[in-house]
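Values quoted throughout were computed directly from the atomic coordinates according to the rules given, and no laboratory measurement underlies them. In this text the structure is predicted, and so the values were computed from the model without any measurement. Virtual Cβ from ideal backbone geometry, glycine too; neighbours counted across all protein chains shown.
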Amino acid sequence: MFEETEGRPSSAPLNEEAVIQRMLTQGRAGQVDEVPRPPRRGSVNAQFEEIFYENFVRYFQNAEARRRWSIDRDIPWDKTTDVASETTALIVESFSAVEMFLPDYTHRIMELVRRSRGRAWFQANWGYEESKHSMVLEEWLLRSGKRTEEQMRDFEASLLGAEWQLPFETARQMIVYTMIQELATGLNYTNLRRRAEEEGDPVLSRTLTWVSSDESAHYNFFRKGVKACLQLEPEETVADLKFVFDHFAMPAQALIPGWAERGEAIEAAGIYGPKMYLAKIRRPVLEDLGITRQQLKDAGMPAHEADEVADRSEQRAADARVARFHRTHSFPAGPAMPASAHRVRIA
Ligand SMILES: [Fe+2]
Ligand SMILES: [Fe+2]
């Protein structure tokens, strides 16, 4: 998918496992994930604020330097065709409908995080990036001839009556929620991009590449925030992970007319569905947080899965220790042995 860290994306071939792994690791390749620094001081709130603001500044600098894209300049609109299927158009329209609740997402979350500069300034940037998603998807629907101006207006009017409400009450639960939701959204778009490629639509494919690169960057900001919560308030955060994972639903779908049929089409097309949630979202996210065996279980991961994940990460840590040992210790070469000494003897 994307070769760079939260950077300008490439068009490497997609496979779902690779997509998830790339999304989980974006923002880390090429840069140190947790920058070593002296221990923070002050109240837990002050430490949170310091971490979130640092994370926001790094996010912003990276976005300005490598991830900004333009609807006019960076999509090859001159190659527009109508080859995409009606199912693809319906899915694009459905995703643009989810993005249309942006005013609710921005102002309700902003109210919740208003007192944190790191989170509030991030939210403002996030709103700008998300606003481009609904605009570019609508642009494709119109230019490809899949929808007329009038159809778009009628569809928008059908959405205007409803308002999205916060699905969880606290700022910590909401950062867990947005972490999960951004990964799931990114997976939706990368799977849809694969479909666009299969149908031979380079314009839609490029559009979805940009959109999913934004979603990956969003996921990474929230993921780092959840890691900070785990560091500073481990018990409460693990309890929130369990609660939010148990009650997770993608945003606004209940507000969109005809979502039952839209959801079925999305699942039948292999883009996203409830069955994918546990294996492709919950498990990889929990695994990626680097929490202990007991925390994995407390966060709701079934015991056998938690043991598997913890065994694997303990093995990785042990391998890394051995590799570090070999890098830092060099052994003087001994005297050359006679050739016969190398022969394996079978007694
Ligand atoms: Fe988005
Ligand atoms: Fe996003």
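Starting from the Cα-Cα distance between residue 110 and residue 165, subtract it from 0.36 nm times their residue separation and give me the gain in nm to one decimal.
Using 0.36 nm per residue and subtracting the Cα-Cα distance, I get 18.5 nm.
Given 132/224; 79/132; 79/275; 146/275; 132/227; 227/297, which pairs have Cα atoms separated by over 26 Å?
From the list (132/224; 79/132; 79/275; 146/275; 132/227; 227/297), the Cα-Cα distance tops 26 Å for 79/275; 146/275; 132/227.
What three numbers, in Å, describe the spread of the alpha carbons of segment 80-152 along their principal axes, ordered from the longest?
48, 19, 18
Classify segment 126-210 from the C-alpha gyration tensor, please: rounded if a/c falls under 1.5, else prolate or oblate depending on whether a/b exceeds b/c.
Oblate shape, in that a/c is at least 1.5 and b/c is the bigger or equal ratio.
Using only the Cα atoms of segment 251-291, build the gyration tensor, take square roots of its eigenvalues as a ≥ b ≥ c, and label the shape rounded, prolate or oblate: rounded if a/c is under 1.5, else prolate if a/b is larger than b/c, else oblate.
Judged from the Cα gyration tensor, segment 251-291 comes out oblate (a/c at least 1.5, b/c at or above a/b).
Once you list every other residue whose beta carbon is under 14 Å from the beta carbon of residue 319, what net charge do they have if Lys and Arg are +1 and Asp and Glu are -1?
Net charge in that neighbourhood comes out at +3.
Express the Stokes-Einstein translational diffusion coefficient of segment 135-272 in µm² s⁻¹, to the nearest whole number, given a Kirkwood radius over alpha-carbon pairs, 25 °C and a viscosity of 0.890 mPa s.
The estimated diffusion coefficient comes to 145 µm²/s.
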